Protein chains: 2
Amino acid sequence: MRLALQEAAAACARGEVPVGAVVTDAAGNILAAAGNEVEARHDPSAHAELLALRAAAALRGDKVLPDATLWVTLEPCPMCAHAASLFRVRRLVFGAYDPKGGGVEHGARVFGQPTCHHAPEVVGGVRETEAAALLRGFFAERR
Amino acid sequence: MRLALQEAAAACARGEVPVGAVVTDAAGNILAAAGNEVEARHDPSAHAELLALRAAAALRGDKVLPDATLWVTLEPCPMCAHAASLFRVRRLVFGAYDPKGGGVEHGARVFGQPTCHHAPEVVGGVRETEAAALLRGFFAERR
C-alpha cells in the first residue's frame, strides 16, 4: 500500500485525481504499479486499477491473475471492481472508502451480486487516513 | 447496429466471444467500431465497448462523448456500463439481454444506483435475435 500511496501522490503532482494501484503476486512481488492517467490520456477509463491490472496481465502473458492482490488507495468504482473480477484477482485491498463513487461497499456493490462470477476477498480501510488526505488535499486545492 | 453485428461476427471469426460495439455522434456518423479482443490481447478488460469508447474519445481528443450513442450487440457488463457513464455517452443501444453477465438490466444495474453520476438513455433488445444467435452459435461450437 506504501507504493500505491506513492503512485497516488505522483498522480496528484501530474494534476490527476490522486489514486494509485499496485498488483502483487502470492509472494508479495510487485507485478505492476500505476496512478490515474485520465487527464494525460484524455481517457476516463484510465483509472489506476485498470492500468495496473492490464500491465500485470501483460507481464504474465496471461489474462487472469488468480494469485494476485490488487492494492488501491480508494475503493474501486463499479468499472474497476468488475475488472478485478474479470482478471480473477484473489484479493482486493483498498484505502479510503468512497460512498459517492465506490462500487464495492457502496452503490452497485459489484461483488455482492448473484451474477458476479468471481468475487475477490476484500479488505477496506487500509492506510485509509493517508489515502483520504491525499484526495481531500487535491479537491480542496481545485475549489 | 448493423456494423456492430459485423464487428461481432468478425470477433467470432477470430475466436473471440462475438460482441461488437460502435460509437456514433449526434448526426449518426461513426466515430469508432470494435469487436472483443480479450483473447488477442490476453486482456479480459478488452471488451468491444471499452475499446470503441476509448477510440472514439481519442479521435475527438476529448475525454467525454456527451452527444454519442454506444451501440453494442450484448447488454454491457458492469465494467462497460460504468465506463459508458464515465465517458458520459448520451444513449446506449444494445442487442441481446444478458441475464448472467449484464450490468444494465441485470445484476449490478449500474445506471439505477443513486451513486451513478450519469445514466445514458437505454434502449435494449435491438436486433436481439441476430445478436443472440451469434453468441449461441459461438458457445454451441465450443461445447
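The values are calculated or read from the model by the stated rules, or taken from the named source; none is laboratory data. On a predicted model such as this, the values are computed, not experimentally measured, just so you know. Glycine also receives a Cβ, built like all others from the backbone with ideal geometry; neighbour counts cover every protein chain displayed. Side chains are part of the model used for accessible areas, which takes the heavy atoms of the whole protein and leaves out ligands, DNA and RNA. Shrake-Rupley method; radii C 1.70, N 1.55, O 1.52, S 1.80 Å.
See the values below:
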read-out: Scope the range A:94-108; condition within 8 Å of chain B (Cβ to nearest Cβ) and open to solvent by 10 Å² or more (accessible area, probe 1.4 Å); matching residues; value: A:Pro99, A:Lys100, A:Gly101, A:His106, A:Gly107
read-out: Leading residue by the ranking (nearest to the other protein chains (Cβ to nearest Cβ)) among those in the range B:77-93 that are part of a loop (DSSP other than H, G, I, E, B) and within 14 Å of B:Val23 (Cα to Cα); value: B:Phe87
read-out: The range A:26-60, subset open to solvent by 60 Å² or more (accessible area, probe 1.4 Å) and outside any helix (DSSP H, G or I), residue nearest to B:Leu53 (Cα to Cα); value: A:His42
read-out: Residues that are among the small types (Gly, Ala, Ser) and modelled with pLDDT under 95, drawn from the range A:108-143; value: A:Gly137, A:Ala140
read-out: Residue count for the range B:109-124, restricted to those that are more than 8 Å from chain A (Cβ to nearest Cβ), open to solvent by 50 Å² or more (accessible area, probe 1.4 Å) and assigned to a loop (DSSP other than H, G, I, E, B); value: 1
read-out: Meets criteria (at pLDDT 95 or above, within 21 Å of B:Ala26 (Cα to Cα) and either open to solvent by less than 10 Å² (accessible area, probe 1.4 Å) or of a type in the set (D, E, K, R) (or both)) for B:Val89; value: yes
read-out: Which numbered condition A:Lys63 fails, given (1) buried (at least 22 other Cβ atoms within 10 Å of the Cβ); (2) facing another protein chain (nearest Cβ under 7 Å); value: (1)
read-out: Single residue of the range B:94-143 satisfying the filter (basic (Lys, Arg) and without any contact (Cβ under 8 Å) to a residue 40 or more places away in the chain) that is nearest to B:Val19 (Cα to Cα); value: B:Arg136
read-out: Some residue of the range A:42-57 being small (Gly, Ala, Ser) and within 7 Å of chain B (Cβ to nearest Cβ); value: yes
